[in-house]
Structure formats: C-alpha cells, structure tokens
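Written out below as structure tokens is the structure these notes cover.
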There are 2 protein chains.
Amino acid sequence: MEKVNVGSRILGANEQYAMKNIELLAQRKQLCLNMISSPGSGKTTILVRTISDLKGQLRIGVIEGDLQTDIDAQRIRATQAPAIQINTEGACHLSARQVYEALGRLPLDALDAIVIENVGNLVCPAAFELGETGKIVVLSVAEGDDKPVKYPGIFAKSRALLVNKIDLLRGALVEFDLDRVKADARRLNKSIEIFPVCAKSGEGMQNWYDWLGAQVRQSRL
Amino acid sequence: MEKVNVGSRILGANEQYAMKNIELLAQRKQLCLNMISSPGSGKTTILVRTISDLKGQLRIGVIEGDLQTDIDAQRIRATQAPAIQINTEGACHLSARQVYEALGRLPLDALDAIVIENVGNLVCPAAFELGETGKIVVLSVAEGDDKPVKYPGIFAKSRALLVNKIDLLRGALVEFDLDRVKADARRLNKSIEIFPVCAKSGEGMQNWYDWLGAQVRQSRL
C-alpha cells in the first residue's frame with residue numbers, strides 16, 4: 001500500500017496557486033499586499049481611508065476575505081474602488097486559489113495596487129502563502145502591547161506594521177507601551193516598517209501612504 | 001488500495017480525548033469552561049480579576065493556551081491560583097489531548113471550576129471540541145459591533161458572552177452599538193447570557209460572578 005504524504009499534498013495545492021499568483025503579479029509588475037490582523041483591529045477602516053485619501057493618485061483594488069457576510073466589501077465599494085468578496089464559509093484564512101480566482105475578476109489594468117484583506121485572525125493566515133508581494137500586519141492598541149511576543153509568526157513575516165487606534169492612548173484609557181511593541185517587532189524582524197496611525201481621524205496615515213507609494217514604484221522597476 | 005478518510009481520522013483523535021475529558025469532568029461533577037476570543041480582548045485580565053474577587057468563595061484553576069510564552073500563566077499564578085501553560089508552538093487552537101494532559105496536572109480536588117483560556121483566535125477554537133462543559137466568548141468593544149454577524153460560529157455555540165472594555169464607550173472614543181451586538185448574538189443563540197463588563201475597573205463583573213457560581217452549583221447536581 002502506497003504511503004500518501006497528506007501534509008505535503010495539501011500544501012502543494014495551495015503553493016501551486018500561490019506560484020500562479022506570483023507569476024501573474026510579476027508579469028504585470030503589480031503590487032499585492034496581504035493584510036493580516038485580529039478581528040476588529042481596523043483593517044477595513046484603514047483601507048477605506050487610504051483609498052479615499054489617495055483618490056486620483058493611487059488606484060487600489062481589494063480582495064475581501066470573511067467567514068460570512070459582504071459587510072466589508074460593501075464598505076470598500078462605497079469608495080468606488082473595486083472589491084471582490086470571498087466568503088470562506090468558516091475557514092480561518094484565504095487560500096491562494098481563492099485569491100487567484102478573485103484576481104481574475106478584478107480590473108487589474110485599471111489598478112496600481114491590490115490589497116488582500118485576509119480573514120480576521122492573527123495566527124493561521126500567517127502560515128498560508130497567497131503569492132502576494134508582501135504581508136502587512138495591523139495591531140490595534142486596544143489589543144495590548146504583548147502581541148508581537150505572543151504571536152511572533154506574523155510580525156516576523158510582515159513588511160510593515162500599522163499600530164492602529166492610537167487615539168485611545170490619550171487619557172490613558174488603554175495601557176499600551178508603543179516602544180515595547182516597536183522593540184519586540186524589530187527583534188523578530190529587523191526591517192519591519194512601523195506606522196502608528198489612527199485610521200478614524202487620519203493621524204499618522206501620511207507616512208503609511210508614502211511607504212505604500214514607494215512600494216508601488218518599486219514593483220514597477 | 002484502501003481508501004483512508006483522513007478528515008474523520010483527525011477529528012476522531014481529537015474527539016477521543018474530548019470524550020475522556022467529558023467523562024472525567026462528569027465523574028467529578030466539575031465545571032470546565034472553554035474561553036474563546038480574538039487576541040487582546042482581555043481574557044487573562046477577566047480571569048485575574050475573577051479569581052481575586054472570588055477568593056475564599058470559588059477556587060478556579062486555569063489551563064492557558066498560547067502559541068509562545070508563559071506570560072498569561074504567570075499573570076494567573078500571581079493570584080496564587082494554579083495555572084498550567086500549554087504552548088501550541090504555532091497551532092491556532094488547543095487540542096483535547098493537550099487539555100487532557102493539563103487536567104492531569106491540575107490539583108482538581110482543590111478546585112471548584114476550571115477555565116481553559118484558549119489561543120487568541122475567534123475562528124478555529126470554535127470548531128475544536130475539548131470536552132469542556134461549555135464555551136464562553138469574550139468580545140472587546142474596541143473590536144467593533146459587527147463581530148457576531150461576521151464570526152457567527154463561536155457566538156452560536158457559547159453559553160455566555162462577556163462584552164469587555166465597556167469603559168471605552170464613554171466619551172464616544174469607540175463606536176459600538178451594544179444593543180446591536182445583543183440582538184445579533186441572540187439571533188444566533190437564543191439562550192446566550194450577555195455580560196457587559198470592564199475587567200479593569202470591575203464594572204459589571206458581579207453579574208458574571210453570579211452566573212459562574214450558578215454554573216458551578218448546577219455541575220454539582
């Protein structure tokens with residue numbers, strides 16, 4: 001009886017589609033970021049504000065991953081940006097195949113960058129390559145400053161960390177040591193860019209926009 | 001060649017240990033709650049306050065699940081309560097076997113209740129039975145009021161929902177419609193008990209303590 005290595009076969013199927021996505025994006029010289037965070041860190045609010053503020057400068061398309069509902073895709077579409085909703089029906093992360101199919105439905109010629117908003121989950125999406133150009137991680141200050149130490153995988157793999165909801169730091173309502181988070185994240189990942197932001201008010205967002213623009217230009221080289 | 005159903009075999013191994021846990025807890029008439037939430041909702045802070053406030057009334061032991069570190073178990077042990085740390089080394093949820101082994105290391109005769117603090121993840125832990133008496137879900141108001149709709153699984157399965165960090169609702173720093181969350185959670189789960197709390201200040205915690213005490217008494221019947 002033949003021994004079947006199930007682990008590598010499953011990984012293989014995801015990796016095949018991840019490779020297709022890598023090739024497609026490389027051919028098109030298009031930036032595609034995979035945005036990962038816990039539920040409720042503010043991924044969609046960051047995207048809505050980014051798309052609105054950069055209107056006329058940077059055309060962003062979004063792939064929205066959720067267990068259920070298309071609430072987030074509706075919020076993106078309200079900005080006029082194209083958004084493809086993927087419902088994972090309970091699965092805890094997007095697969096490369098789902099992203100491959102969504103890329104085929106986006107108007108890629110009319111876009112400067114694509115952002116994949118992954119399922120809200122700080123653990124599993126970090127382990128599944130989608131063929132993206134790079135990962136970015138979002139952490140809300142309300143989640144606490146021990147998260148890079150407790151969930152190191154995604155911080156080690158991300159190009160950038162957006163520390164969101166910094167408005168909550170005022171009035172000391174939330175205890176959060178930003179310097180600790182910066183030090184812990186950089187211990188895991190020397191080159192990670194860190195942007196403290198408040199997507200609701202716009203505070204700190206310009207630094208993120210500058211970085212995003214530079215990433216798009218780099219993809220075009 | 002024999003066809004091997006891998007899905008059910010994997011589930012089977014977890015379920016075997018879940019059954020052992022169910023039997024052990026039933027024989028001992030002991031309450032064991034499986035606490036599930038996103039990272040940073042305040043699970044450990046809720047437990048630390050609960051253990052401290054109920055000292056002399058209710059003896060609680062804790063099984064701590066984390067990808068890495070024993071930060072949370074240390075916080076629990078500072079209250080003098082026994083805590084067993086499980087490091088999942090990247091896995092996104094606790095398994096019934098890990099809980100079975102941890103139960104064997106807790107001083108069960110000296111405890112009125114056991115709480116399993118699962119890995120911070122609103123998706124995967126909901127799908128893995130540990131043989132616990134019941135699940136409880138924690139949602140921080142900073143995560144937003146759309147979470148029951150977007151992550152229905154865990155809200156449908158939980159006996160109680162603790163809505164934490166309600167101090168952030170004052171001053172309108174956080175937009176969060178508590179009535180919407182209550183309605184959405186009850187649409188998924190008619191019998192779910194809902195406790196708005198602030199574990200940091202103690203606000204609302206007495207209702208949760210009363211419910212917890214009643215659950216312990218019910219287990220002893």
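Please treat every number below as a calculation from the coordinates, not as lab data. Model, not experiment: these values are computed from the prediction. Virtual Cβ from ideal backbone geometry, glycine too; neighbours counted across all protein chains shown.
For chain B, set up a GNM with springs between Cα atoms under 10 Å and report which of B:LEU111, B:LEU162, B:LEU173 has the largest fluctuation.
B:LEU173
Using a cut-off of 10 Å between beta-carbons, work out the net charge of the residues near A:ASP112 (Lys and Arg +1, Asp and Glu -1, A:ASP112 not included).
With Lys, Arg at +1 and Asp, Glu at -1, the neighbours total +3.
If the reach is capped at under 25 angstrom between alpha carbons, list the lysines near B:LYS29, excluding any in the same chain fewer than eight residues apart.
B:LYS20, B:LYS43, B:LYS55, B:LYS135, B:LYS157
Under a Cβ-only charge scheme (Lys and Arg +1, Asp and Glu -1), can you give me the dipole magnitude of chain B about the Cα centre, in debye to the nearest 20?
I would put it at about 460 debye.
Shortest first and in nm to one decimal, what separations exist between A:ARG217 and its copies in the other chains, measuring from label points 7 Å along the Cα-to-beta-carbon line?
Result for A:ARG217, in nm, nearest copy first: 7.0.
Compute the FRET efficiency between A:GLU15 and B:GLU23 as 1/(1 + (r/R0)^6), taking r as their Cβ-Cβ distance and R0 = 45 Å, and round to the nearest 0.05.
0.60
With springs only between Cα atoms under 10 Å, which of B:ASP70, B:ASP184, B:ASP210 fluctuates most in a Gaussian network model of chain B?
Looking only at B:ASP70, B:ASP184, B:ASP210, the biggest GNM fluctuation is shown by B:ASP210.
Around B:LEU173, under 11 Å between beta carbons, what's the net of Lys plus Arg minus Asp minus Glu among the other residues?
Neighbourhood net charge equals +2.
Hey, fewest Cβ within 10 Å first, where do A:THR133, A:THR79 land in order?
So the residues, fewest neighbours to most, are A:THR79, A:THR133.
Only helical DSSP H runs with n ≥ 4 go in: add -39500 (n - 2.57) per run for chain A, normalise by residue count and round the 222 nm mean residue ellipticity to 500 deg cm²/dmol.
Taken over chain A, the calculation gives -12000 deg cm²/dmol.
Sort A:MET35, A:MET205 by Cβ crowding within 10 Å, fewest neighbours at the top.
A:MET205, A:MET35
Put the label 7 Å from Cα along Cα→Cβ for A:ALA127; what are its distances to the other copies, in nanometres, shortest first?
Spelled out, the distances from A:ALA127's label point are 1.2 nm.
So which cysteines in chain B don't have a second cysteine's C-beta under 4.7 Å from them?
B:CYS32, B:CYS198
Most fluctuating residue of B:PRO196, B:PRO125, B:PRO107 in a GNM of chain B with Cα springs under 10 Å: which is it?
Its mean-square fluctuation being the largest, the pick is B:PRO107.
Can you list, shortest first in nanometers, how far B:ASP177 lies from the same residue in the other copies, with each label 7 Å from Cα toward Cβ?
Here B:ASP177 shows inter-copy label distances of 3.9 nm.
In what sequence do A:ILE71, A:ILE154, A:ILE46 fall when counting other Cβ within 10 Å, fewest first?
So the residues, fewest neighbours to most, are A:ILE71, A:ILE46, A:ILE154.
Which net charge results when you count Lys and Arg as +1 and Asp and Glu as -1 among the other residues whose beta-carbon is under 12 Å from that of B:ARG186?
Computed value for this residue: +1.
Of all the residues in chain B, which one has the C-beta that comes nearest the axis relating B to A, and what is the distance in Å?
Result for the B and A rotation: B:ALA142, 2.
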